[in-house]
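Peer 1: Can you read through this structure? Questions will come right after.
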Amino acid sequence: MAVFLGKRPKATVLFSGDGLNDFGLSLEVVESKSKKWILDGISLDLMGGKKNVALGVSKDLYKNSFIEIDAGLFISRPIANLLDGKTELNIGISGRF
């Protein structure tokens with residue numbers, strides 16, 4: 001699906017208050033473009049991991065033709081209990097090579 005949309009997945013690690021929460025892949029759904037660094041590279045990301053699915057907002061911290069590093073805030077839900085209404089706020093770090 002990522003290739004069809006012209007997107008490249010990123011390895012993403014989610015951290016919660018008690019440490020590592022999940023590891024998986026994320027896709028940028030929409031990304032901002034601007035000449036100002038502070039407004040450039042803000043994206044809406046969808047993430048899927050072993051335990052959670054998440055939706056988040058990320059900001060490009062560093063980007064060149066070989067590597068990209070993002071950080072953001074994600075709202076996640078456990079896959080096993082997807083419909084129980086329990087959400088968790090996580091900090092996410094993602095990267096692509």
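The values are calculated or read from the model by the stated rules, or taken from the named source; none is laboratory data. All figures in this text were calculated on a predicted structure; none of them were measured in a lab. Backbone-built Cβ (ideal geometry, glycine too); neighbour counts: all protein chains shown.
Peer 1: Of everything in the stretch 60-74 that's outside any strand (DSSP E or B) and in contact (Cβ under 8 Å) with a residue 12 or more places away in the chain, which residue is farthest from L27 (Cα to Cα)?
Peer 2: Out of the qualifying residues, it is F66.
Peer 1: Can you tell me which of (1) touching a residue at least 60 places away in the same chain (Cβ under 8 Å); (2) more than 11 Å from the chain's Cα centre (by Cα) is the one P78 doesn't meet?
Peer 2: Single failed check for P78: (1).
Peer 1: Still on this structure, please answer the following. For the stretch 31-71, which residues satisfy the criterion of being polar (S, T, N, Q), at pLDDT 85 or above and loosely packed, with under 14 Cβ neighbours inside 10 Å?
Peer 2: S32, S34, N64
Peer 1: Separate question: Which pairs do you get when a residue that is without any contact (Cβ under 8 Å) to a residue 60 or more places away in the chain and among the charged types (D, E, K, R), found in the stretch 32-59, comes within reach of a residue that is assigned to a loop (DSSP other than H, G, I, E, B) and buried (at least 18 other Cβ atoms within 10 Å of the Cβ), reach meaning Cβ atoms under 9 angstrom, with the pair 6+ apart or on two chains?
Peer 2: K33/G41; K59/G41
Peer 1: Of everything in the stretch 1-14, what is at pLDDT 85 or above and farther than 16 Å from E68 by Cα? Give them in sequence order.
Peer 2: Result: L14, single match.
Peer 1: Something else about it: For the stretch 15-30, name all the residues that are free of Cβ contacts under 8 Å to residues at least 60 places away in the same chain and either loosely packed, with under 15 Cβ neighbours inside 10 Å or touching a Pro at 6+ places or on another chain (Cβ under 8 Å) (or both).
Peer 2: G17, D18, G19, L20, F23, L25, L27, V29, V30
Peer 1: Does any residue of the stretch 75-92 turn out to be part of a loop (DSSP other than H, G, I, E, B), among the β-branched types (V, I, T) and at pLDDT below 85?
Peer 2: Yes, the stretch 75-92 has at least one match.
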